[in-house]
Amino acid sequence: MKMLWLVTIPRMVLGIIFASAALSYFWMEALGWPLLPVRISDQGLQFALSIIRVGYLWPLMKFINLVAGSLLILNRAPAFALALLAPITVVIIWFQIFLNPLPVPLVTVAVVILCEVMLLRAYAKSYAGMFANTF
């Protein structure tokens with residue numbers, strides 16, 4: 001039961017958050033309306049549109065979200081999925097705090113941070129090799 005609370009639930013929650021955000025993006029691209037509409041501030045919209053205008057970056061981020069979220073949901077290479085999500089998560093956290101400080105996205109960010117910290121702790125041994133002989 002302890003393992004369920006500390007690993008499975010955060011893994012599933014994080015996987016669902018990232019996979020559903022990606023699916024909503026691809027749904028919007030295919031059908032023209034968002035599956036999960038999200039409120040965004042004017043300043044946040046300007047930043048997001050600048051990333052979208054680059055062309056490849058937004059779809060790439062959403063593809064990574066979908067792959068990593070699916071890996072977490074399916075419990076396949078979850079430590080790798082967390083590593084894929086790490087840089088995207090940092091951007092999302094700073095974006096939500098400084099450019100889009102609306103209540104619902106901030107609650108989601110808090111859940112993401114909590115789940116990621118719990119999972120990074122659970123899979124810490126998987127990352128040990130990255131830091132061997134570096135300090």
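Output the residues belonging to region 61-93 that are within 22 Å of M130 (Cα to Cα) and either charged (D, E, K, R) or surrounded by 21 or more Cβ atoms within 10 Å (Cβ to Cβ) (or both).
Within region 61-93, A68, L71, L72, R76, P78, A81, L82, L85 meet the criteria.
Exactly one of these conditions fails for L36: (1) of a type in the set (A, V, I, L, M, F, W, C); (2) in contact (Cβ under 8 Å) with a residue 40 or more places away in the chain; (3) loosely packed, with under 12 Cβ neighbours inside 10 Å. Give me its number.
L36 satisfies all of (1) of a type in the set (A, V, I, L, M, F, W, C); (2) in contact (Cβ under 8 Å) with a residue 40 or more places away in the chain; (3) loosely packed, with under 12 Cβ neighbours inside 10 Å except (2).
Each row is one residue, and each column tells you yes or no for (1) polar (S, T, N, Q); (2) over 19 Å from L119 (Cα atoms); (3) within 15 Å of the chain's Cα centre (by Cα).
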site	(1), (2), (3)
W5	no, no, no
I17	no, no, yes
L66	no, no, yes
L82	no, no, yes
W94	no, yes, yes
P105	no, yes, yes
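Of the residues that make up region 102-113, is at least one open to solvent by less than 40 Å² (accessible area, probe 1.4 Å), more than 18 Å from L23 (Cβ to Cβ) and out of contact with any Asp or Glu (no Cβ under 7 Å at 6 or more places or on another chain)?
Yes, because at least one residue in region 102-113 is open to solvent by less than 40 Å² (accessible area, probe 1.4 Å), more than 18 Å from L23 (Cβ to Cβ) and out of contact with any Asp or Glu (no Cβ under 7 Å at 6 or more places or on another chain).
On the given criteria, is I51 buried (at least 19 other Cβ atoms within 10 Å of the Cβ) and either acidic (D, E) or without any contact (Cβ under 8 Å) to a residue 24 or more places away in the chain (or both)?
no
A quick yes/no check of all residues on (1) touching a residue at least 24 places away in the same chain (Cβ under 8 Å); (2) touching a helix residue (DSSP H, G or I) at 6+ places or on another chain (Cβ under 9 Å); (3) aliphatic (A, V, I, L, M):
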residue	(1), (2), (3)
F98	no, yes, no
L106	no, yes, yes
C115	yes, yes, no
S126	yes, yes, no
F131	no, no, no
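Out of (1) of a type outside the set (K, R); (2) surrounded by 15 or more Cβ atoms within 10 Å (Cβ to Cβ); (3) within 24 Å of Q46 (Cα to Cα), the odd one out for Y123 is which?
(3)
The values are calculated or read from the model by the stated rules, or taken from the named source; none is laboratory data. Source: prediction; values computed, not measured. Cβ: placed from backbone, ideal geometry, glycine included. Neighbour counts: every protein chain shown. These accessible areas exclude ligands, DNA and RNA; they are computed on the full protein's heavy atoms, side chains included. Shrake-Rupley method; radii C 1.70, N 1.55, O 1.52, S 1.80 Å.
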